[in-house]
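The values are calculated or read from the model by the stated rules, or taken from the named source; none is laboratory data. Small disclaimer: the values here were computed from a predicted structure and weren't measured. When we count neighbours, we look across all protein chains shown, and the Cβ atoms used for this are built from the backbone with ideal geometry, even at glycine. Heads up: the accessible areas ignore ligands, DNA and RNA and are worked out on the full protein's heavy atoms, side chains in. Shrake-Rupley method; radii C 1.70, N 1.55, O 1.52, S 1.80 Å.
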Amino acid sequence: MIIFLREMKANRKSLVIWSLSVIMMVFLGMVKFKSYQSAGQSMNNLLGDMPRSLKAILGFSVFDVSKASGFYAMFFLYLQLMTTIHAVLLGAGIIAKEERDKTTEFLMTKPVSRNVIITSKLVAAIVNVVIINIVSLISSLAIVSAYSNGERVSGDITKLMVGMLIAQLIFLSIGAGIAAISKNSKTSGAFGAAILIGALFVDKIIDVNKSLENLKYLSPLKYFDAEALLVGNGFEPVFIIISIVIIAALTYLTYSCYNRRDLSI
Amino acid sequence: MNVIEIKNLTKNYGKSRGIEDISFNVEDREVFGFIGPNGAGKSTTIRTLLGLIYPASGAATIFGKSCIDNPEIRKDIGYLPSEVFYYDKMRVIDLLKYSASFYNKDCTKRINELAEIMDLNLKKRIDDLSFGNKKKVGIVQGLLHEPKLIILDEPTSGLDPLMQQRFFELLVQENNKGATIFFSSHILSEVQKMCHRVAFIKEGKIIKLEKMSTLKESAYKKVKVEAKNHIEKDYFKMSGVNNLEVNGNIANFIFNGNINSVMKKITDLELYNVWVDDPDLEEIFLHYYAKED
């Protein structure tokens, strides 16, 4: 409990900054939507002339971007990217920080086991991630409905946010796992971010070339993306199972590796 | 009763040397000095003892238990690391309260007492503190819960002489109250003042473990001879003579053996002056080193 509160306090400032960034992102996204809309027919013509692969990369391919819900679904990927970057950096940082800041000898000589320390830190990280998700949900509901001209958006947004939460938790566990395994406390965040960029790369490759569809298992960003949730089959059991397996396995690794290894001092 | 028991402890870091087959015990209420040069393995031993790193073989226990399997025994341990690092953005008092919160007792009074003794400003932010002041934070942090065992790794580096003295007085008080103290140092005069027993570590191995009283009473004599004439370089080369330095008509050495034999040698010289003293620990220690090299 002591360590949990300490971590909540230590992450307070960054949580506020990330929350504001999320709100700004949703807001600026919808402002852009407004300008697309006022451009009217010419915008649709422009999009119609674009090659399919370019549209795919930009995310215009599936959704009707003339509607608020479609436009939101298109830029949902970037929201997801932002919150998963937060999650992976938080997961890596919260585990690695004692070694990075050389406070290991302070904390690890207190009468608490390494398991208790990890649990406190992970719970604090999960609370942070959930708060970011709730901020995204509330700001999306408020801002998108303000631009939706009466279109009902809350169901779609809620679905997307549930999917995003799972992706956030996956990347949180990836970050924590890397930090627990790695002896180099300074690089674990960067390594986690690299995995995220890799996942984004796979995600985009699939968008451009549908024949590589099977690669989707490699990219957690793809498991519950807007296309799957809104126009596809929704929450597919196979991805829910994969997500649970990834989170459970990495959490197990986090505990077992951190318990067994020498702390770097 | 033994507070610390270390049995055949071995730890290697890849290529670099760690510690090898170290064994010793620290008894209840003892002040035990752990002496060796930098890199000899003092910190490695302490970190293994505290469960920060794992031994390759052997065992280290505190109060009969291993720190790794029984982290709760650490509530009776106060530890001062050799290099003190803390959460930069915290104020001193916040850090000390955070530290105290792990021990389930109200330490406010003790924090204030210790801060007073060590002349530490509790309101300052930790990242604004100098090295010496950070060390003071470490000292208060290590003692605030009135631990039964105090482990100190190079405790006085960075402290000015006045603070060193206050700190040692503090340790003597804690020892009188019943605390066992285990500390490492490469400065021998520190140890001499307060230790009951000392262990010398060199290149990862214990080379000597001795009672302070025995060390002090040992037949070691520090001899300085000033002769009228030039002293031959080899004049004092005999068994029992160590650390021999001859410089013109002056000779310095440490002697361990039958005092008569060396006195005869000395009286054969025409003398200006002669000094025979008990050596301080540092000189005995240098002698151990010289032997090994």
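Which members of the range A:229-243 meet the condition of being surrounded by fewer than 18 Cβ atoms within 10 Å (Cβ to Cβ) and in a helix (DSSP H, G or I)?
Once the filter is applied, which keeps residues that are surrounded by fewer than 18 Cβ atoms within 10 Å (Cβ to Cβ) and in a helix (DSSP H, G or I), the range A:229-243 yields A:231, A:237, A:238, A:240, A:241, A:242.
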**Message:** Condition (residue is polar (S, T, N, Q), under 27 Å from residue B:94 (Cβ atoms) and open to solvent by less than 30 Å² (accessible area, probe 1.4 Å)) applied to the range B:154-161: is it met by at least one residue?
**Reply:** yes
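Each row is one residue, and each column tells you yes or no for (1) touching a strand residue (DSSP E or B) at 6+ places or on another chain (Cβ under 8 Å); (2) within 14 Å of another protein chain (Cβ to nearest Cβ); (3) buried (at least 18 other Cβ atoms within 10 Å of the Cβ).
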{"site": "A:197", "(1), (2), (3)": "no, no, no"}
{"site": "A:201", "(1), (2), (3)": "no, no, no"}
{"site": "A:214", "(1), (2), (3)": "no, no, no"}
{"site": "A:245", "(1), (2), (3)": "no, no, no"}
{"site": "A:248", "(1), (2), (3)": "no, no, no"}
{"site": "A:251", "(1), (2), (3)": "no, no, yes"}
{"site": "A:258", "(1), (2), (3)": "no, yes, yes"}
{"site": "A:261", "(1), (2), (3)": "no, yes, no"}
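Every residue, every condition in (1) within 9 Å of chain A (Cβ to nearest Cβ); (2) of a type in the set (Val, Ile, Thr); (3) surrounded by 23 or more Cβ atoms within 10 Å (Cβ to Cβ); (4) at positive phi, yes or no:
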position: B:2; (1), (2), (3), (4): no, no, no, no
position: B:33; (1), (2), (3), (4): no, no, yes, no
position: B:73; (1), (2), (3), (4): yes, yes, no, no
position: B:94; (1), (2), (3), (4): no, no, no, no
**Asked** When the range A:154-163 is examined, which residues are found to be buried (at least 19 other Cβ atoms within 10 Å of the Cβ) and β-branched (Val, Ile, Thr)?
**Response** A:157
**Message:** Anything in the range B:42-78 that is aromatic (Phe, Trp, Tyr) and either in a helix (DSSP H, G or I) or closer than 18 Å to residue B:30 by Cα (or both)? List them, or say none.
**Reply:** B:63
**Request:** Name the one entry in A:104, A:83 that is open to solvent by less than 60 Å² (accessible area, probe 1.4 Å) and over 24 Å from the mean Cα position of the chain (by Cα).
**Result:** A:104
**Complete:** A careful count of residues in the range A:108-150 that are within 14 Å of chain B (Cβ to nearest Cβ), within 24 Å of the chain's Cα centre (by Cα) and open to solvent by 20 Å² or more (accessible area, probe 1.4 Å) gives 1
**Prompt:** Given the range B:79-180, what helices (runs of 4 or more DSSP H) lie entirely inside it while holding 2 or more residues that are in contact with a Gly (Cβ under 7 Å, 6 or more places away or on another chain)?
**Reply:** B:131-143
